[in-house]
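Everything on this sheet refers to the single structure shown next.
Derivation of every value follows stated rules applied to the coordinates shown; laboratory data play no part. Just so you know, these numbers come straight off a predicted model, no measurement behind them. Backbone-built Cβ (ideal geometry, glycine too); neighbour counts: all protein chains shown.
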Amino acid sequence: MKHVKNNILETIGNTPMVRLNKIAEDLPGTILAKVEYFNPGNSVKDRMALKMIEDAEKRGDLKPGGTIIECTSGNTGMGLALAAVTKGYKLICTLSDKQSKEKMDVLKALGAEVRVCPTNVAPEHPESYYSVATRLNEEIENSYYPYQYDNPSNALAHYESTGPEIWEQTEGKITHFVVGVGTGGTISGVGKYLKEKNPNVKIWGIDTYGSLFKKYHETGKVDESEIYSYITEGIGEDIIPKNVNFSVIDAFEKVTDKDGALTTRELALKEGLFLGYSCGSAFQGLRQLKDQLNKDDVVVILFHDHGSRYVGKVYNDDWMRAQGFID
Ligand code: PMP
């Protein structure tokens, strides 16, 4: 039956592109959203999670009955969980304690073991979510640690699927691509593909306050004074992942935790797009850059994930008040 998918993994990709209307009224040009919550794990990360697993299987790094171990803000874990369930692997995810409880419960629902690690420690600290994953990988026999930050399959997934979809959906008319940056896989894979198709396409990365990306891109230096913990989930880093290909990124823009959160709510109310926190940051970043756009531009903004994982946070008035984001 050619219209039947053989398993949930075959539903990954081919997400819709949706025009932004009311919220984009005061922006010049056409603003289109690549809505990645239509993936089965509700985020763009399903694409790279599956690719990392398939590539590891091909190399022989992941063998039948093996255990996958990953440090993840939740969305990669979800994609890995779908792959693990379907393909018969065990999965252990290390998460930092600032991640939403929903993300942790969802991973558990899909059979993953979750290890919660402190957010406020340096990456090299033995309790950081990176170090705990490394330790588990050493201790557990027949385990595989994809390490999404440096794994080339991450950006490659977006080079092979997300990038071509965006090019085809805009019929090659895209002039700007805007996206939040965490591991850098999405921006680097899509950015490389689009620049190869048309070197004039501008690639803009959205960063948070507390993260090193923007300064590093502009100066080549890690400014420790700009690294501190922040609330926004999924974007910004305190390390430089190998997956960030700075050469395909034209500019970074920083967005505050507050502006990102308020804009996430605005996208739900004005467009009916019930999105994750980093999507609000991405749109706010685009707004901050609007003076660089003109009426003929075709801008694609990629929205990483769904709002369901943020109902206790961005969509919760008490939480928003506690952060001082609303009165
Ligand atoms: N937003 C969210 C919600 C994410 O989970 C991630 C992944 N860390 C990103 C943005 C950034 O994507 P990437 O890792 O591909 O840079």
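Taking the helices alone, the chain has a mean residue ellipticity at 222 nm of -10500 deg cm²/dmol, built from -39,500 (n - 2.57) per DSSP H run of at least 4 residues and averaged over all its residues.
Within the listed set 229, 247, 131, the Gaussian network model of the chain (springs between alpha-carbon atoms below 10 Å) gives the highest mean-square fluctuation for 247.
About its Cα centre, what dipole magnitude does the stretch 246-325 give when the only charges are +1 on Lys and Arg Cβ and -1 on Asp and Glu Cβ, stated in debye to the nearest 20? Provide the component values of the computation, followed by the final result.
Values: 10 positive and 12 negative charges, 45 e Å.
Here the size comes out at about 220 debye.
Between residue 61 and residue 122, the modelled label-to-label distance comes to 2.7 nm, taking each label 7 Å out from Cα in the direction of the beta carbon.
Restricting the stretch 1-79 to trypsin sites (Lys or Arg not before Pro) that sit in a DSSP loop and have at most 14 other Cβ atoms within 10 Å of their own Cβ leaves 2, 5. The relative contact order of the chain, computed from alpha carbon pairs under 8 Å that lie at least 6 residues apart in sequence, is 20 percent.
Here's the picture: charge each Lys and Arg Cβ at +1 and each Asp and Glu Cβ at -1 in the stretch 95-139, and of 125, 104, 136 the one pushed furthest to the positive end of that dipole is 104.
Taking the Cα centroid of the stretch 45-76 and of the stretch 1-25, what is the distance between the two, rounded to the nearest whole Å? Between the Cα centre of the stretch 45-76 and that of the stretch 1-25, the gap is 22 Å.
Test of understanding: what is the full-extension gain from residue 98 to residue 142, defined as 0.36 nm times their sequence separation minus their Cα-Cα distance?
Numbers: separation 44, 0.36 × 44 = 15.84 nm, distance 2.98 nm.
Net length gain for the segment: 12.9 nm.
When the expected Rg is taken as 2.2 N^0.38 Å, what fraction or multiple of it is the alpha-carbon Rg of the chain? Don't skip to the answer; put the middle values down first.
On the way: Rg = 18.8 Å, N = 327, 2.2 N^0.38 = 19.9 Å.
The value comes to 0.95.
Our estimate of slack between residue 268 and residue 85, defined as 0.36 nm per intervening residue step minus the Cα-Cα distance, is 62.7 nm. Among 88, 205, 280, the residue with the largest mean-square fluctuation in a Gaussian network model of the chain, with springs joining Cα atoms closer than 10 Å, is 88. Counting charges near residue 256 (Lys, Arg +1; Asp, Glu -1) among other residues having Cβ under 15 Å from its Cβ returns a value of -2.
Subtracting the Cα-Cα distance of residue 294 and residue 224 from 0.36 nm times their residue separation leaves 21.6 nm of extension gain. Computed over the alpha-carbon pairs of the stretch 79-126, the distance histogram in 5 Å steps reads 5, 22, 27, 19, 14, 10, 3 percent, short to long. Placing +1 on the Cβ of every Lys and Arg and -1 on the Cβ of every Asp and Glu, with nothing else charged, gives the stretch 44-117 a dipole about its Cα centre of roughly 40 debye. In whole Å, how far is the Cα centre of the stretch 91-119 from that of the stretch 237-306? Value for the Cα centre distance between the two parts: 25 Å. Placing a pseudo-label 7 Å from each Cα along the Cα-to-Cβ vector at residue 160 and residue 11 gives an inter-label distance of 2.2 nm. Sorted into 5 angstrom bins from 0, the C-alpha pair distances of the stretch 138-246 split as 2, 12, 19, 20, 17, 13, 9, 4, 2, 1, 0 percent. Beyond 22 Å, the tail of the calculated P(r) for the stretch 1-116 holds 42 percent of the Cα pairs. Computing FRET efficiency as 1/(1 + (r/R0)^6) for residue 25 and residue 246, where r is the C-beta to C-beta distance and R0 is 51 Å, gives about 0.95. A viscosity of 0.692 mPa s and a temperature of 37 °C, combined with the Kirkwood radius over Cα pairs in Stokes-Einstein, give a translational diffusion coefficient for the stretch 173-327 of 207 µm²/s.
Partners of residue 270 within straight-line reach, counting lysines whose Cα lies under 16 Å from its Cα and excluding those fewer than 8 residues away in the same chain: 22.
Annotation for residue 1 and residue 327: the two label points, set 7 Å from Cα along the Cα-Cβ direction, are 5.7 nm apart. Structure remark: mean-square fluctuation, Gaussian network model of the chain, C-alpha springs under 10 Å; the largest value among 276, 307, 220 belongs to 220.
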